[in-house]
Structures are given as C-alpha cells and as structure tokens.
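Below: the structure, in structure tokens.
The values are calculated or read from the model by the stated rules, or taken from the named source; none is laboratory data. All of these numbers come straight from a predicted model, not from anything done at the bench. Cβ coordinates were reconstructed from backbone atoms using ideal geometry, including for glycine residues, and neighbour counts include every protein chain displayed.
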Ligand SMILES: [Zn+2]
C-alpha cells in the first residue's frame, strides 16, 4: 500500500514567511522541541519565537490554564513547518516519532559529478576538492552516517584508453584525470569526501567503467585507502566479495549497523566483462534477495537500497523505478535512495504489506557538477532519523522516525564553484529554493544546521546571510 505520493511539480506552496501558530502536539519530535533547554531556546530566538512569546503572554492574560490554552501558546508554531502541513500538503511523517536525542541520522546527497571545469577549479584551490564541499561540510559531518554517489572512477594512473601510466601530479590533465564523457578523478577527491564526513559511496553507476575493469579495481583500492565504504561494484578475482557495505555507528553504548546495497541501470554501453557492477534490473532478483537476507540478519539494524536509475532530466520516475522501489521496501529495505537523473524526483513514504514504513527518494539530483540549469544545480541533503523499534518483533532494528531535507545549490559564478546551503547563500539562490519546494514537501524542510532535528524551522538559520568566508 503506497503512502503519500508527492508527484506533481508545483504542488507545494512556497513558504516565504513563518506559518501561523498551529499545533500538532502529538508529534514526539515537536513535543521534544518544547523541552529544549533554556539556553538553547535563548540561542535560537527568532521572529517566530517572539510571536510565540507574545501569544503565550496573551494566553496568560486571558486567564486560560487548560490544555487548549497551553496549546495556544504555540511555541511549536514554527517547528517542523507548523501550519496545516499534514497529509493535505504532503508532510511526510511516520507513525512513531522519537526524541531527537534518540535519533541516528543518515544523510544522503546525490551525484558527485566532476566535469572538467570542476576538476580544473579544484586544481586552483589550496585545498583541492575539499573546497567544493567545504561550505556544507558541517551539515554532512553532523550525521552519524553520510552517503554520496561517486559518479565515476578514482583510478590513479589509468588513461582514457585504459592503459597504466605514472599518475600526473595534477588533479586534471584530460588524459588520466578527465571529465565528460569518460570521467576519472584524482583519488584525493576521496580524502575530501572523507573530510566532509562521508562514510559510504555508491560506485555502481553508468560511469563505473569509464576506466574499464582496471579502473573499477583501482577505484576500490583508493576508496579503501581513504577509509571509506562503497557499494555496487567489486574487484576482479575469484573471491566474489559482497555487493553491499555495512556502516557502523555507536549510539547509547550500542553499535548500530546499517547495510547499503547499490546498483545501476547500466554502464553506458561499456561491457562488464568481469561481473564487477551490480545491475538493478538484470540482477533484480539478486538485489532483492540480498536485501531480504540483510533485513533478516540480527546484526543488521537497517538496510538502505541505493539504485542509480531513471531518465536523465526527468522529474517523474519511470514505472520500473516505482516497481523496484516498492519491491525493495517489501523485501526489507528501510529506505530507497536513488540517483542519476541529475534533477529532483519525488520523495514518498511507502508502507509495506507487513506494516513497516519505508521512504523512497527517487532522485537526489546533483550534489556537485558543472551542469548549469537551475534544476541541475538545485539539490538537497536528505536526512533520515532512525530510532530503535520498540515492538518486540522488531527488537534490535531501527525504524524510520523522521525525514527532513536541507536545500542546497551549486554556486557556479565569478570563478567560484562550490556546494552551499541555500539558507546561507543569499538572494541568488532563492529561485533554486522555490524550485526545490515545488518538488519536495516544504514542511519537511530543515534549516542549515547540523542540529538537524532540534532547530526551529523559522529560526536564525533561515536568515539569508552571505557566507562570510570566501572559498
Ligand atoms: Zn549517472
């Protein structure tokens, strides 16, 4: 039974100001927001909280003391989008929330797609590729686990023709390290991603074999050397390592393990002679069985499915995307995190036949690229809040308790090229925000803060401040 479907563009209104006071007092996250410590509250004083204080004062003057009067004080009014952002306007919520302090947060971003111009720009920066991610690194580092799609090899010393040579000491030479259509990145991009807090990369995508079989091998070597996990490809050889990765995070003294399974619709016509890339459709049965097996394991708390799929530049998923996404949730996936179309596709809640709640994000768009249209420069940091399942039969597992998104864009002007949070980017980015709010539920939008689940959606983080630091 599919849940809320958020398909049509322009369905969501653009929220330009704080919504009016309104309660949804049963949401545990919102309730928890009220329990914020006093110094937190003081730190986040905003226009909205001023309104809330006035409302509170009015309610006191009116003499109300009952629950209704307490609710009319409405310090929640700006939290989580306030207003009637429930089913009618597509706010995605889950049956059971959780206290923010109990959540394990997974962050996911889209394509790391480094065209020639991006590689050349990084070459001019003292901190290389890290300069691309620096303005949002606090936001990705804040998650317990962060995911990105590495759209291309990071194969040291492999030329466009697949030959081995001495690696150049530059980040781009258009022979070993190059952009479209046969990408290959200097492996230092992996250190930059690691430094920005990323833990696991999707390596199954249509550019996975841009440096052929040897490039896929060397990419895996480089990813492991950087201390990162990966999913969807494997090295040649007889050992047949698993297609999935397992990331670990410690919470309340307990190690939580999240499994990641990636796949791609294809490899741009380059033959996969050694069976190094998991194909979402040709290998569908294997992918679904892997999800089922992972979901059954006592030592795995949640399963994330990361398909690289869909039609480029299309905002609507294909029927086969929908079918596979639903099947993955039914098989036991907690979430489906899609990439490839370079633009936003819908985010949906999907309730499995056994009652489990899943989330499907069909396409996260580009995290960084040199694609220049508005839609291809508008993206998000997708945030999933996971909490322990209290049900006896779900003992040890993590369930979805919260979904949010932080709007981001690629600044590509005046010689600067970097990913920025739109909240911190000034007026130039506002039309990107409007675009995103037409494709994503505005009520799930979160401020640009690594304190993801506690921030007031109308708080200071939403002020349109320019970055003070130039990158
Ligand atoms: Zn792709």
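Quick look at the values:
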{"read-out": "Residue list for region 196-211, filter: in a loop (DSSP other than H, G, I, E, B) and either more than 16 Å from the ligand (Cβ to nearest atom) or surrounded by fewer than 24 Cβ atoms within 10 Å (Cβ to Cβ) (or both)", "value": "196, 197, 198, 199, 206"}
{"read-out": "Residue match in region 330-340 (condition: surrounded by fewer than 17 Cβ atoms within 10 Å (Cβ to Cβ) and either modelled with pLDDT under 95 or out of contact with any strand residue (DSSP E or B) (no Cβ under 7 Å at 6 or more places or on another chain) (or both))", "value": "no"}
{"read-out": "Matching residues in region 221-231 - criterion: being out of contact with any helix residue (DSSP H, G or I) (no Cβ under 9 Å at 6 or more places or on another chain) and surrounded by 14 or more Cβ atoms within 10 Å (Cβ to Cβ)", "value": "221, 231"}
{"read-out": "Residue count, region 318-332 (criterion: within 15 Å of the ligand (Cβ to nearest atom) and in a loop (DSSP other than H, G, I, E, B))", "value": "1"}
{"read-out": "Complete set of residues in region 96-131 that are within 16 Å of the ligand (Cβ to nearest atom) and buried (at least 24 other Cβ atoms within 10 Å of the Cβ)", "value": "108, 109, 110, 111, 112, 113, 114, 118"}
{"read-out": "The one condition in (1) under 25 Å from residue 249 (Cα atoms); (2) within 16 Å of the ligand (Cβ to nearest atom); (3) touching a residue at least 60 places away in the same chain (Cβ under 8 Å) that residue 400 fails to fulfil", "value": "(2)"}
{"read-out": "Count of residues meeting criterion [surrounded by 17 or more Cβ atoms within 10 Å (Cβ to Cβ), within 16 Å of the ligand (Cβ to nearest atom) and part of a loop (DSSP other than H, G, I, E, B)] in region 232-273", "value": "6"}
{"read-out": "Check on residue 193, within 16 Å of the ligand (Cβ to nearest atom) and buried (at least 21 other Cβ atoms within 10 Å of the Cβ)", "value": "no"}
{"read-out": "Candidate set from region 137-161 (those that are farther than 17 Å from residue 217 by Cβ and in contact with a helix residue (DSSP H, G or I) (Cβ under 8 Å, 6 or more places away or on another chain)); member that is nearest to the ligand (Cβ to nearest atom)", "value": "148"}
{"read-out": "Residue ID - nearest to residue 387 (Cα to Cα), chosen from residues in region 333-357 that are away from the ligand (no atom under 14 Å from the Cβ) and assigned to a loop (DSSP other than H, G, I, E, B)", "value": "334"}
{"read-out": "Residue within region 287-307 that is over 19 Å from the mean Cα position of the chain (by Cα), within 20 Å of residue 150 (Cα to Cα) and within 16 Å of the ligand (Cβ to nearest atom) present", "value": "no"}
{"read-out": "Of all residues in region 164-183 being touching a helix residue (DSSP H, G or I) at 6+ places or on another chain (Cβ under 8 Å) and without any contact (Cβ under 8 Å) to a residue 60 or more places away in the chain, the one that is farthest from residue 126 (Cα to Cα)", "value": "164"}
{"read-out": "Check on residue 134, away from the ligand (no atom under 16 Å from the Cβ) and either under 30 Å from residue 385 (Cα atoms) or surrounded by fewer than 24 Cβ atoms within 10 Å (Cβ to Cβ) (or both)", "value": "yes"}
{"read-out": "Hits in region 393-417 (condition: under 17 Å from residue 376 (Cβ atoms) and surrounded by fewer than 23 Cβ atoms within 10 Å (Cβ to Cβ))", "value": "411, 412, 413"}
{"read-out": "Residue match in region 162-177 (condition: within 16 Å of the ligand (Cβ to nearest atom) and either surrounded by 18 or more Cβ atoms within 10 Å (Cβ to Cβ) or within 24 Å of residue 342 (Cβ to Cβ) (or both))", "value": "no"}
{"read-out": "Residues satisfying the stated conditions in region 274-283, i.e. within 24 Å of the chain's Cα centre (by Cα) and surrounded by fewer than 18 Cβ atoms within 10 Å (Cβ to Cβ)", "value": "281"}
{"read-out": "Top-ranked residue in region 358-378 [being within 18 Å of the chain's Cα centre (by Cα) and over 19 Å from residue 262 (Cα atoms); ranked as nearest to the ligand (Cβ to nearest atom)]", "value": "369"}
{"read-out": "Set 293, 327: member being out of contact with any strand residue (DSSP E or B) (no Cβ under 6 Å at 6 or more places or on another chain) and free of Cβ contacts under 8 Å to residues at least 24 places away in the same chain", "value": "293"}
{"read-out": "The one condition in (1) under 23 Å from residue 281 (Cα atoms); (2) touching a residue at least 12 places away in the same chain (Cβ under 8 Å); (3) assigned to a loop (DSSP other than H, G, I, E, B) that residue 155 fails to fulfil", "value": "(1)"}
{"read-out": "Residues (in contact with a helix residue (DSSP H, G or I) (Cβ under 7 Å, 6 or more places away or on another chain) and assigned to a strand (DSSP E or B)) located in region 376-390", "value": "378, 380, 381, 387"}
